[in-house]
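S.K.: One structure, as structure tokens, below. Some questions next.
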Amino acid sequence: MAIWESRIVNGEIIDGTVHWSDHGAALLGLKAQPLTQFFRAFLEFVHPDERARVIDAIQDGVARRGAYEVEYRVAWPDGSLHQLATRARVFSDERGAPERTLGVIWEITHAKHTDAERTDLAEAALGSICDGVIIADANGKTQTLNRAAEQLTGWSYKLAHGVDIGETLKVVDDSSAVALENVALTCLRKRQAMSLSAHSELLLRDGRSIAVEGAAAPIWSPLGDILGTVVVFRDASHRRQPPPLSWPASHDALTGLINRREFETQVAAALASSKQDGHLHALLYMDLDQFKSINDACGHGAGDVLLQLLAKLVRTRRRASDMLARLGGAELGLLLPRCRPDHALLIANELRQSIKDFCFVWEARSFELGVSIGLVEINENSNSMTELVTAAEQACYLAKEQGRNRIHVYQESALMLAPRRGDRAWVARLNEAFERQFFKLYAMPIVSLSTPAEIHDEVLIRMQNRVGNLILPGAFMPAAERYDLMIPIDHWVIKAVCRHLKSVRDSLPVLDAFAENHRRALARYSINLSGVSIAAPGLHDYITQQFVQYAIAPEQICFEITETALIANLPQAQVFMGKLKELGCRFSLDAFGSGLSSFTYLQALPVDYLKIDGAFVRDIATNVLHRAMVKAINEVGHVMGIKTVAEYVEDADSLAVVRELGVDYAQGYAVGSLRPLTAGAAYL
């Protein structure tokens, strides 16, 4: 991926020039370096069959003063063909005349070849699916049906192609025969997954009708455009039996599992049998790891489907006598009657491994899952149903604290832990902060101590309460880490910074390559990442999506990772950092020097900055040992070609010492104070 900027001359793109960022030239098969060339010279690389289309797409964007997207092939000097994709927008001068375009360009050759292979495989797989599948385009016109859909609807592919899906999939209410809103058209209108009504009846082409169940989901392009919808449905005649009147009161509507109230009733009955007959039982409390991140990334429709799939998966792994329940959003309970603790542990580990091996795929994105499990024995000495469920829940959260995707067996001493009620209250306040935009960003400058350098700020998050007072991260971050909210917070910060960069860029006058405004628009921002986010799948994809959406130069972003978080997730961090380094992002290792093996693993990491732990800097003017420590870290960093940053430089004496030691940058109130990160306050 690279950033490219093209200049427009007299309203014509073809008479201008193109400037590529560091890695741009490599996309044309040239040596990776910044490159400026005439647009006509660039066209020589474009495949002859595609040149007119490329010019038309960009010129259309120029005429509209808007954004444009285009894919095309280029021929490298060695004769090989490569597919590129571009997303950019047009900027105008003070008079409103189009002056330049700025955007992102990346190679999609492998993806195109893979798509062709997948198409053949998908067509074969589609024909073998037992459920009916109908695909419609963005206008609701039927494009294809599989064999099962032809049999269920009575429409052949030849007759149905191009026909409105409201005709090929005509659904009515099974009691009133009133036509229902077509689930595919509703999906296209609302741009989200939709389920067929529980009372849906499909009208066949020959006039008959059958009870059906199913759902529709949008089909998205890689650039976020809706291409159409896919409807999956099946004959539900044999299932359309009226449930017992008590069923809704005791079962979860989404998964069909018993609900928390019914589960607690069953636990109470098991406890009674333990006290009366001495039977041993086991209780498992399971909480899916990363569930909220899937909900945030793909929507609640994906989360609902995931819960339904996992409910079926766990059902297949349990005994006939076991009771499986949905206890909360992503929390499941499993009661194992007459099951000794050692055998219960084997069952719990089998469930954990099954969920870990399960790969959830949604709209071409795949997610690895995990589950944290708390295990409690039910015996004649157990006190009450409430204490049993609470103990299992506490054991589950201990499993999360110990690294997630593991099992924790409850021990009596665990009750000595402080209650989690305070953390639970913070979870509610964090969710409210997401909904009511209570999160705020602030900037702390990182200042060069030698020669003038680029503007560089560290971005820090704060939370407002309902009366507008600021709450520091130390108050709410522990609860966020314990209850799987760190990934959504990190995602929020990344998006907010990219949106801020775009707003700053859009608010500035015409950029000149040597103007101060241009230097400010290309300021660098450091974003803190948690260890949980680094270990989670999909973070790299999320970051690149934000870069493309807001046309952000990756060189403007530096990610800060603490030394302890990096050690805990070293293999994932190395892969993650390597991918983003290729785009041009930079990395800073925060709180360096706090670990016992800091220098050992440093050479294996693509780090650009070392932030020396503030514990060594605060009293550096009076503490000889800390001064020696900072000097050693600074010298090792320089030998490795890494810039150093002293944080918590709070007074003039400390600033003088770090400057004398040759530290490259300083951060703290001696060189700059905290300020709101807004377009208006960005450079005060």
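S.K.: Tell me, which strands (runs of 3 or more DSSP E) wholly within region 138-238 include 3 or more residues that are touching a residue at least 12 places away in the same chain (Cβ under 8 Å) and either of a type in the set (F, W, Y) or open to solvent by 60 Å² or more (accessible area, probe 1.4 Å) (or both)?
M.R.: Numbers: elements: 142-145, 170-173, 200-203, 209-220, 226-235.
Those strands (runs of 3 or more DSSP E) span 226-235.
S.K.: Considering only residues of region 125-137 that are modelled with pLDDT under 90 and assigned to a strand (DSSP E or B), which is surrounded by the fewest Cβ atoms within 10 Å (Cβ to Cβ)?
M.R.: V133
S.K.: Another question about this same structure. For a quick check of your reading: which strands (runs of 3 or more DSSP E) sit entirely within region 307-414 and have at least 3 residues that are closer than 26 Å to G531 by Cβ and touching a residue at least 12 places away in the same chain (Cβ under 8 Å)?
M.R.: Working: elements: 323-326, 331-336, 359-362, 365-368, 370-378, 407-409.
So the answer is 365-368, 370-378, 407-409.
S.K.: Being surrounded by fewer than 19 Cβ atoms within 10 Å (Cβ to Cβ) and either modelled with pLDDT of 65 or more or small (G, A, S) (or both) is the filter here, so list the residues in region 100-124 that pass it.
M.R.: Listed by number, the residues that qualify are L102, W106, E107, I108, T109, H110, A111, K112, A116, A122, A124.
S.K.: Quickly run through region 63-85 and pick out the residues that are over 18 Å from F45 (Cα atoms) and out of contact with any strand residue (DSSP E or B) (no Cβ under 7 Å at 6 or more places or on another chain).
M.R.: Result: A63, R64.
S.K.: Also: Going residue by residue through region 73-80, is there one that turns out to be open to solvent by 60 Å² or more (accessible area, probe 1.4 Å) and under 32 Å from the mean Cα position of the chain (by Cα)?
M.R.: yes
S.K.: Turning to a different aspect of this structure: Regarding I55, is this residue open to solvent by less than 20 Å² (accessible area, probe 1.4 Å), among the β-branched types (V, I, T) and over 24 Å from Q545 (Cα atoms)? Reasoning before the result, please.
M.R.: On the way: open to solvent by less than 20 Å² (accessible area, probe 1.4 Å): no; among the β-branched types (V, I, T): yes; over 24 Å from Q545 (Cα atoms): yes.
Spelling it out, it is not the case that I55 is open to solvent by less than 20 Å² (accessible area, probe 1.4 Å), among the β-branched types (V, I, T) and over 24 Å from Q545 (Cα atoms).
S.K.: Hey, another quick one. So, in region 292-306, of the ones that are out of contact with any strand residue (DSSP E or B) (no Cβ under 9 Å at 6 or more places or on another chain) and under 26 Å from L398 (Cα atoms), which residue ends up least open to solvent (accessible area, probe 1.4 Å)?
M.R.: G303
S.K.: Additional query: Of all residues in region 145-173, which are within 19 Å of R189 (Cα to Cα), hydrophobic (A, V, I, L, M, F, W, C) and touching a helix residue (DSSP H, G or I) at 6+ places or on another chain (Cβ under 6 Å)?
M.R.: The answer is I165, and nothing else.
S.K.: I've got another one for you. State yes or no: is R315 open to solvent by 60 Å² or more (accessible area, probe 1.4 Å) and under 28 Å from V231 (Cβ atoms)? Write out each step before concluding.
M.R.: Values: open to solvent by 60 Å² or more (accessible area, probe 1.4 Å): yes; under 28 Å from V231 (Cβ atoms): yes.
Criteria met by R315.
S.K.: Now for a different question. Return the total of residues in region 608-645 being over 35 Å from the mean Cα position of the chain (by Cα), crowded, with 19+ Cβ neighbours inside 10 Å and either of a type in the set (V, I, T) or within 17 Å of F559 (Cα to Cα) (or both).
M.R.: 3
The values are calculated or read from the model by the stated rules, or taken from the named source; none is laboratory data. What you see is a predicted model; the values in this text were computed from it and never measured. Note that each Cβ is placed from the backbone with ideal geometry, even for glycine, and that neighbours are counted across all protein chains shown. Keep in mind that these areas ignore ligands, DNA and RNA; they rest on the heavy atoms of the full protein, side chains included. Shrake-Rupley method; radii C 1.70, N 1.55, O 1.52, S 1.80 Å.
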